[in-house]
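The values are calculated or read from the model by the stated rules, or taken from the named source; none is laboratory data. Since the model is a prediction, treat every value here as computed from it, not as a measurement. Glycine also receives a Cβ, built like all others from the backbone with ideal geometry; neighbour counts cover every protein chain displayed. Just the protein is used for accessible areas: all its heavy atoms, side chains included, with ligands, DNA and RNA removed. Shrake-Rupley method; radii C 1.70, N 1.55, O 1.52, S 1.80 Å.
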Amino acid sequence: MTSFDMTAPRCFLVRPAGPATAEPFALVEQLPRHGIDLRCLVRDTDVNAALHEQGAAAVLIASFDASEAVLQLCRSLHDQGQAAVLALTPAGDDTIRILALESGADDCVEETSDAREVAARIRAAIRRMHPASHPPRPQVRIGPWAFDIPRRQLHMPGEAPVALTRAECCLLQAMLSQPGRLLSRDELTAALPLRERATDSRAVDLLVSRLRQKLHARDPHQPLIQTVRGRGYRLDLSTIDTQTT
């Protein structure tokens, strides 16, 4: 399986041909500041040659619309399976977003999104396409809990299992993948399944609150999930035993 440098993954920004296509200047300038090795392609016809000659972990299609040329480009990139495909769509346009997903896009990002969020979504799409070679652990110890990943449950001896929603499970797995590291709201949002994401920036806060209530139900004085005000959340490394059971 091909591996990519996740510290600075290469991403092609493609601008489909057409007079209405605009250069997303802000992203072109800011994505490299967030660790994305961005290469701009003026013509969509250059994509295949560039992927073959230079290689890339992701392709970001700018000014995504309902034209057949753009939809066909998305389908073609998806069928090739060489890079994660992301569509840069108009803000609030659900129709275009759905068309992009139906055409094979791995994720959709609104044109008005912050560059940091776009970078986080690019990395998340790459991770989903190129998962780690080692299989996920079926159970992980988190403080007093045993986290049963396949069943999406928290277990404690002598207690009934605590069920987690799909979104809560994904959030906890994202934190477990980097215990002790501060994760921003954008990074946690990118770890959620597409259907579980919300446009409200505080949706992650509500999810963390629900997850924290479940984790702290037996011992409210053991803060497994810590809040760093204005920056994000971290899973406290000192309280985690990552032993597989």
What full-extension length gain, to one decimal in nm, is calculated for MET156 and GLN80 as 0.36 nm per residue of separation minus the Cα-Cα distance?
-> 22.8 nm
Stretched out fully, how many nm does the piece from GLN173 to ALA8 gain, at 0.36 nm a residue minus the Cα gap?
-> 57.1 nm
Accessible heavy-atom area order of ASP148, ASP93, highest first, probe of 1.4 Å = ASP93, ASP148
The FRET efficiency for GLN54 and VAL28, from their Cβ-Cβ distance with R0 = 25 Å and rounded to 0.05, is 0.90
Round to the nearest 0.05 the FRET efficiency obtained for ASP94 and ARG202 when R0 = 30 Å and r is the Cβ-Cβ distance.
-> 0.90
Residues ILE149 and GLN226, FRET efficiency given R0 of 22 Å [Cβ-Cβ distance, rounded to 0.05] | 0.50
